[in-house]
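Taking it in order: structure first as structure tokens, then the write-up.
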Amino acid sequence: MKKALISDWYYVNGGAEKVIHSINSIWDDFDHFALIDFLNDEDRAYILNGKKANTSFIQKLPTAKQNHRKFLQLFPIAIEQFDLSNYELIISSSSAVAKGVKTRKDQLHICYCHSPMRYAWDLQDQYLKDSGLDKGLKGFYAKYVLNKIRKWDVQNSENVNYFIANSNHIAQRIKKIYNRESTVIYPPVDIDFFTLEEQKEDYYFTASRLVSYKKTQLIVEAFNELPHLKLIVAGNGPEFEKLQKIAKSNIEFVGFVDVLSLKKYMQKAKGFVFAAEEDFGIIPVEAQACGTPVIAFGKGGTLETIVENKTGIFFQEQTSQNIKEAVIRFEKIQFDPKTIQEHAMKFSKQRFENEMKAFVEEKFKIFKAL
């Protein structure tokens, strides 16, 4: 059986890439496809077993490595150019356009959907604002492009035989946008790496790419109002300098950290703070695997991964005041690191691989019998 694995893009080692790594751990004979592939050697070895992806024409466009998203209007054309006619099984890992790859009726296409395209649907206004495309003629054209992409996105969702959602939250969005049913298989969390540490130190920790939708600024503003509490911020991104300028002396920025340093910060923190609305959110589960309780925005995937007052607490609005009040409440609760770590076990990498393997093999048998 010839198998193709198609992703939107490869340029960092994030949550979606951890899914790809696990799928490659189940089957090691995929041919890989993506709009772009700019992985370094270390990440390539981990994510793709050292292989290179077949890429689209976007790979060769000027500045694609620095900012591929500015070619958004070309994504549908680029993904449709791939010739997958020789493959019996196609798995797409998609938060944008990968699921829109062209397939025939005699090919089985299973999509692991991290989310319907965020910047075309629920985050459109924020995407336009952050890109400086919310006004004038450029804004008008950008909205026109996004409208066309939404129509393309719905139409090409029909290329998928079966959807897998990374959370119940995303399953609901798949139903709403594409009117398709899906099976939930939670993403893999490496609980063998993110291990329990019961002895905590007196600081809070947050880590993410420093972009607006992660809402790290709200966390910084909240801790500005809590000068007696220490916050360590890990991550890089467009907001790094701005956040440094507004932060008070109780807030430390450590920039991009490698995975070993991330693990150490996570293990020793008294609490992990997470302000984004995520589709699933692997990093709060990694924190819990370390026995570290989480303070999180109570919407999206975190509602499925955090148990209120047992493995963490929620705040209900994305405001600095809400986060501040949650931290004050958090300070009064005694959490048990072992209980938190045990809860994280249900999101293990092995569990993902077992569920994914069983799902794909069952659907392939059914498909071949038709």
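Only the coordinates and a few stated rules stand behind these numbers; no lab work does. Here the structure is a predicted model, which means the values were calculated and not measured. Methodologically, a virtual Cβ is constructed for each residue, glycine included, from the backbone with ideal geometry; neighbour enumeration extends over all protein chains shown.
Length available on full extension from Asp83 to Phe359: 0.36 nm per residue minus the Cα-Cα distance, which gives 96.8 nm. Extension gain for Asn168-Asp41 works out to 42.3 nm (0.36 nm per residue, less the C-alpha to C-alpha distance). When Ser94, Ser85 are arranged by Cβ crowding within 10 Å, least crowded first, meaning fewest neighbours, the order is Ser85, Ser94. Which shape class, rounded, prolate or oblate, goes with the range 264-329 when its Cα gyration tensor gives a ≥ b ≥ c as root eigenvalues, a/c under 1.5 marks rounded, and past that a/b bigger than b/c marks prolate? Judged from the Cα gyration tensor, the range 264-329 comes out oblate (a/c at least 1.5, b/c at or above a/b).
Amide hydrogen proximity for Phe315: with H placed 1.01 Å from N in the peptide plane, the residues at 5 or more positions away or on another chain lying under 5 Å are Ala296, Phe297, Gly298.
Judged by the gyration tensor of its Cα atoms, with axes a ≥ b ≥ c, the range 130-202 is oblate; a/c meets the 1.5 cut and b/c is at least as large as a/b. Largest GNM mean-square fluctuation among Val285, Val160, Val12, using the chain with Cα springs under 10 Å: Val12. Taking every alpha-carbon pair under 8 Å whose residues sit at least 6 apart, the range 204-347 reaches a relative contact order of 23 percent. Using a simple spin-label model with pseudo-atoms 7 Å out from Cα toward Cβ, Asp202 and Gln316 lie 3.3 nm apart. Between the listed residues Leu226, Ala275, Ser208, the Cα displaced farthest toward the positive end of the dipole of the range 204-347, a dipole computed from Cβ unit charges relative to the Cα centre, is found at Leu226.
Taking a ≥ b ≥ c as the square roots of the eigenvalues of the Cα gyration tensor, an a/c ratio of 1.5 or more together with a/b no larger than b/c marks the range 1-62 as oblate.
Among 276-283, 229-236, 137-144, sorting by the average number of other beta carbon atoms lying within 10 angstrom of each residue, highest first, gives 276-283, 229-236, 137-144.
In the chain, the calculated helix contribution to ellipticity at 222 nm averages -11500 deg cm²/dmol per residue, counting -39,500 (n - 2.57) for every DSSP H run with n ≥ 4. Considering only Cα-Cα distances, which of the following residue pairs are longer than 31 Å: Lys148/Lys245; Lys70/Lys299; Lys60/Lys365; Lys175/Lys245; Lys3/Lys214; Lys148/Lys349? With Cα atoms farther than 31 Å apart: Lys148/Lys245; Lys60/Lys365; Lys175/Lys245; Lys3/Lys214; Lys148/Lys349. The trypsin sites (Lys or Arg not before Pro) of the range 31-74 that DSSP puts in a loop, and whose beta carbon has at most 12 other beta carbons within 10 Å, are Lys52, Lys65.
The calculated FRET efficiency for Met345 paired with Asn161, based on their beta-carbon distance and R0 = 45 Å, is about 0.90.
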